[in-house]
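J.: Following this message is one structure expressed as structure tokens.
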Amino acid sequence: MHGPDPGPLRSSFHPSVGPSASRGLDRQTTGPLPVVISGGPVFDAFDPLKGKMLRILDEQGRLLKAGQKYLPDLSPAELCDGYAAMVRARVADERAVSYQRQGRIYTLPTNLGQEAAAVGSILALRPEDWMVQSYRELGGVLAKGGTVKNHLAYFSGSETGSVHPGRPRLLPLSVPITSQVTHAAGIGHSIVYRGGSEVVITFFGDGGTSQGDFNEGLNWAAVFKCPVIFVCNNNQYAISLGRKSQTGSETLAQKAIAFGMPGMIVDGNDYLAVVAATRAAAEHARAGRGPVLLEMYTYRMGAHTTSDDPSIYRSKEEEESWKHKDPLLRMRAYLDSLKLWDDAKEAELREQVGHECDQAMAEVEAMERTPIEDIFGYQYETMPPELVRQMAEYKQFLAWKEAR
């Protein structure tokens, strides 16, 4: 690891926050500071070494007695907006899978079951904060102002699809596993250097914690107290490899301890818990106390991608056991209990989003196609033989497709 000495940077961190926030903070003498939400030091209460998980709603969408003290302060409108954002992501994902099955877009990862972790974490942050995404955060992308059209355009082969107009703090989708973690640490370092007050949130899967970039990104962020929220979506599988076969650690959140940052396990299918945990992490980071690792305990209910067959590596019984933990069902039940939602609103929203998706898909299909030479040709001055072979093979495939 190479870089400037962290000392001078720490002393100029976040000048816009209050005088009691981080002045002169020396992590080596004080240790990680607890962050208080609703009167409780949440990181101490959910020490990952003790295996505790932050939950506010049970699997039937009822408030848990133990979780009520962490209930985030959300207005009725904000509760409905959060649920509506999850429904929007669910419908958009279902439509995208349908378009792929029709041969209208290429292979894409599914988001089914992970809407709460993506939407809740983004809506807990400020518009000026940064989102450094992986490829299973469609709900978060839409919540931050990204468009369904650009999502579909990306998976139609257009590189412009990953750049959402007017949203400069939403980074392009990153497919290589955990490469985005180092990007987030770098942005966080720039915020420290500039004395800014934004935070960065980045997402990766459970398998990503086995990658080198994960370790390098977290270590860098911890040393330089970068305001980064590392969100590990523990959906139980690294493609087809089960969680228990990926690491010897009892939990993924406990990996934070080795880097000297707080870590916490969160019920990733509980929208309210996700909001509460992300708010706590943002408060911690924004106050100059450095990064946080959140393990969102969830389940990928669909396939890894549309090219995957999960029936080969997981059982029907396991999939059935997670269906009643669906984040949308739990949040809908909670809203029903407060009489904030009904079937008519649900039907109207789903129809509206479905229409939006169909219109977006039509616009994508009307776009000028990216020239093949642009895809293969601009990375090297002279294209190496392997890329020449791949381009020829792809042209052959397109000719076959057009002739069908």
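J.: Can you go through Ser98, Ser134 and tell me which one is of a type in the set (Ser, Thr, Tyr) and not in a helix (DSSP H, G or I)?
T.: On inspection, the qualifying residue turns out to be Ser134.
J.: Restricting attention to segment 240-256, does a residue exist that is open to solvent by 50 Å² or more (accessible area, probe 1.4 Å) and either in contact with a Lys or Arg (Cβ under 7 Å, 6 or more places away or on another chain) or of a type in the set (D, E, K, R) (or both)?
T.: The answer is yes; a qualifying residue exists.
J.: May I pose another question? Being exposed (fewer than 12 other Cβ atoms within 10 Å of the Cβ) and either modelled with pLDDT of 95 or more or charged (D, E, K, R) (or both) is the filter here, so list the residues in segment 61-75 that pass it.
T.: Listed by number, the residues that qualify are Lys65, Asp73, Ser75.
J.: Give Arg369, Arg404 a once-over and let me know the one that is in contact (Cβ under 8 Å) with a residue 40 or more places away in the chain and open to solvent by 70 Å² or more (accessible area, probe 1.4 Å).
T.: Going through Arg369, Arg404 in turn, the sole match is Arg369.
J.: Another question about this same structure. Yes or no: Gly103 assigned to a loop (DSSP other than H, G, I, E, B), more than 24 Å from Asp336 (Cβ to Cβ) and more than 16 Å from the chain's Cα centre (by Cα)?
T.: For Gly103, the condition - assigned to a loop (DSSP other than H, G, I, E, B), more than 24 Å from Asp336 (Cβ to Cβ) and more than 16 Å from the chain's Cα centre (by Cα) - is met.
J.: Here's a follow-up. Working carefully through the options Thr182, Thr147, find the one that is more than 20 Å from Ala96 (Cβ to Cβ) and within 17 Å of the chain's Cα centre (by Cα).
T.: Every option except Thr182 fails the conditions.
J.: Mind checking which residues of segment 341-355 are surrounded by 15 or more Cβ atoms within 10 Å (Cβ to Cβ) and part of a loop (DSSP other than H, G, I, E, B)?
T.: Across segment 341-355, the qualifying residue is only Trp341.
J.: Same structure, new question: Residues in segment 217-235: is at least one free of Cβ contacts under 8 Å to residues at least 40 places away in the same chain and not in a loop (DSSP other than H, G, I, E, B)?
T.: yes
J.: Which residues, counting only those in segment 373-391, are open to solvent by less than 90 Å² (accessible area, probe 1.4 Å) and either under 19 Å from Tyr106 (Cβ atoms) or of a type in the set (Phe, Trp, Tyr) (or both)?
T.: Asp374, Ile375, Phe376, Leu387, Gln390, Met391
J.: Would you be able to say whether some residue in segment 103-115 is β-branched (Val, Ile, Thr), in contact with a strand residue (DSSP E or B) (Cβ under 8 Å, 6 or more places away or on another chain), surrounded by fewer than 24 Cβ atoms within 10 Å (Cβ to Cβ) and within 29 Å of Lys323 (Cβ to Cβ)?
T.: yes
J.: In contact with a strand residue (DSSP E or B) (Cβ under 8 Å, 6 or more places away or on another chain) and within 30 Å of Gly263 (Cβ to Cβ): is that true of Arg300 in this structure?
T.: Yes; evaluated as a whole, the condition is true for this residue.
J.: Can you tell me which residues in segment 167-202 are surrounded by 19 or more Cβ atoms within 10 Å (Cβ to Cβ), touching a strand residue (DSSP E or B) at 6+ places or on another chain (Cβ under 9 Å) and not in a helix (DSSP H, G or I)?
T.: Within segment 167-202, Leu170, Leu171, Ser174, Ile177, Thr178, Glu198, Val199, Val200, Ile201, Thr202 qualify.
J.: Name, by its number, the condition in (1) in a helix (DSSP H, G or I); (2) under 30 Å from Arg62 (Cβ atoms); (3) not β-branched (Val, Ile, Thr) that does not hold for Lys325.
T.: (1)
J.: Of everything in segment 185-212, what is under 15 Å from Ile229 (Cα atoms), small (Gly, Ala, Ser) and in contact with a Pro (Cβ under 9 Å, 6 or more places away or on another chain)? Give them in sequence order.
T.: Within segment 185-212, Ala185, Gly188, Ser197 meet the criteria.
J.: So how many residues does segment 263-301 have that are open to solvent by 10 Å² or more (accessible area, probe 1.4 Å) and assigned to a loop (DSSP other than H, G, I, E, B)?
T.: Selection size over segment 263-301: 3.
J.: Pull up segment 156-177, narrow it to residues that are β-branched (Val, Ile, Thr) and at pLDDT below 90, then point me to the one that is nearest to Tyr106 (Cα to Cα).
T.: Thr160
J.: So for segment 8-15 (the condition being touching a Lys or Arg at 6+ places or on another chain (Cβ under 9 Å), modelled with pLDDT of 90 or more, within 25 Å of Pro227 (Cβ to Cβ) and open to solvent by less than 80 Å² (accessible area, probe 1.4 Å)), does at least one residue qualify?
T.: no
J.: Just to verify a result, which residue in segment 285-322, among those that are of a type in the set (Phe, Trp, Tyr) and touching a Phe, Trp or Tyr at 6+ places or on another chain (Cβ under 6 Å), is farthest from Val42 (Cα to Cα)?
T.: Trp322
The values are calculated or read from the model by the stated rules, or taken from the named source; none is laboratory data. Since the model is a prediction, treat every value here as computed from it, not as a measurement. Cβ coordinates were reconstructed from backbone atoms using ideal geometry, including for glycine residues, and neighbour counts include every protein chain displayed. Heads up: the accessible areas ignore ligands, DNA and RNA and are worked out on the full protein's heavy atoms, side chains in. Shrake-Rupley method; radii C 1.70, N 1.55, O 1.52, S 1.80 Å.
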